[in-house]
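Comments concern the structure below.
Computed from the coordinates by the stated procedures, all read-outs in this text should not be read as laboratory data. Just so we're clear, the structure is a prediction, and the values are computed from it rather than from any experiment. Cβ: placed from backbone, ideal geometry, glycine included. Neighbour counts: every protein chain shown.
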Amino acid sequence: MPTIGVLSLQGDVQEHVAALEFAGATVISVRRERELDEVDALVIPGGESTTIIKLAQHFDLVEPLRKRISGGMPTYGSCAGMILLADRILDGTADQTTFGGIDMTVRRNAFGRQVESFEEQVSVEGIDGGPFTAVFIRAPWVESVGPDATPLATVTTGPAAGKVVAIRQQHLLATSFHPELTGDARVHEYFVRMVRDGARSAGVLPEQRGGA
Ligand code: GLN
């Protein structure tokens, strides 16, 4: 049974803990480097990315997190967590940085004021059982995707149609939406499978890429 940490600096930590436990993981809260050392994988929750990065700086977690993330620790970020896993962000605050890891540019608060919070049925590649009820709350979208990352879902209706809202790069997974708020644990189950399968099967399997 993998031990998955939930970064517990700010945001909807408890909802992720519950969804991960339902998906079969042993879960601990991560607020300190020594707690990070104990986990096989990490979830970065939704919340406020500017606050989470400031608290991570305060707790001296930024470099240890960057090291684990770039070193292959499976990591899943939802909403603010997606922003924090992005290599590049748009509409961040002046000094806003991220942990990085996914070769993408993410636009914060992208869906605009009139639709700051909404739900949409979204099909996620690799997740069976029909579309997922995706809850977006002042959500980012993926503005552009580098060659190393693979989009898993896009919005299909409205002005944002075509925008990528779920993405994977090897051991890293991110969604603009909040599966932890829906009672549908399929995204967390997918992540737990990623953790179990290890880095070999993360993102796009070499064999799925055509034997590279
Ligand atoms: N808009 C928030 C941010 O910039 C993210 C919102 C969320 O996580 N629900 O961090």
Open item on the list: Against the conditions (1) of a type outside the set (S, T, Y); (2) farther than 15 Å from G77 by Cβ; (3) in contact (Cβ under 8 Å) with a residue 60 or more places away in the chain, where does E33 fall short? Just the number, please.
Closed with: (3)
Task: Leading residue by the ranking (farthest from H171 (Cα to Cα)) among those in the stretch 62-81 that are out of contact with any Phe, Trp or Tyr (no Cβ under 9 Å at 6 or more places or on another chain) and touching a residue at least 40 places away in the same chain (Cβ under 8 Å) - done: A80
Open item on the list: Could you check the stretch 151-190 and list, in sequence order, the residues that are more than 16 Å from the ligand (Cβ to nearest atom), of a type in the set (G, A, S) and closer than 12 Å to E120 by Cβ?
Closed with: A153, G158, A161
Task: Test for G130: is it buried (at least 16 other Cβ atoms within 10 Å of the Cβ), more than 21 Å from H171 (Cα to Cα) and free of Cβ contacts under 8 Å to residues at least 60 places away in the same chain - done: no
Open item on the list: Testing D60 on (1) more than 12 Å from the ligand (Cβ to nearest atom); (2) not in a loop (DSSP other than H, G, I, E, B), one condition comes back false. Which one is that?
Closed with: (2)
TODO: Quick one: count up the residues across the stretch 102-111 that are in contact with a Pro (Cβ under 8 Å, 6 or more places away or on another chain) and either among the aromatic types (F, W, Y) or free of Cβ contacts under 8 Å to residues at least 24 places away in the same chain (or both).
DONE: 0
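Listed here are the residues, each with its yes/no results for (1) more than 22 Å from E15 (Cβ to Cβ); (2) in a loop (DSSP other than H, G, I, E, B); (3) hydrophobic (A, V, I, L, M, F, W, C).
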| site | (1), (2), (3) |
| --- | --- |
| I127 | no, yes, yes |
| T156 | yes, yes, no |
| P159 | yes, yes, no |
| R168 | no, no, no |
| V192 | no, no, yes |
Open item on the list: Quick test of your reading of the structure: T98 fulfils all but one of (1) under 25 Å from D148 (Cα atoms); (2) surrounded by fewer than 18 Cβ atoms within 10 Å (Cβ to Cβ); (3) in contact (Cβ under 8 Å) with a residue 24 or more places away in the chain; (4) within 16 Å of the ligand (Cβ to nearest atom). Name the failing condition by number.
Closed with: (2)
TODO: Scan the stretch 149-189 residue by residue and report those that are surrounded by 20 or more Cβ atoms within 10 Å (Cβ to Cβ) and out of contact with any strand residue (DSSP E or B) (no Cβ under 6 Å at 6 or more places or on another chain).
DONE: A160, Q170, H171, P179, E180, V187, H188
Open item on the list: Would you confirm, using the coordinates I've provided, whether D95 is acidic (D, E) and assigned to a loop (DSSP other than H, G, I, E, B)?
Closed with: yes
Open item on the list: Of the residues R108, R66, R31, R88, only one is surrounded by 14 or more Cβ atoms within 10 Å (Cβ to Cβ), of a type in the set (K, R) and touching a helix residue (DSSP H, G or I) at 6+ places or on another chain (Cβ under 8 Å); which?
Closed with: R108
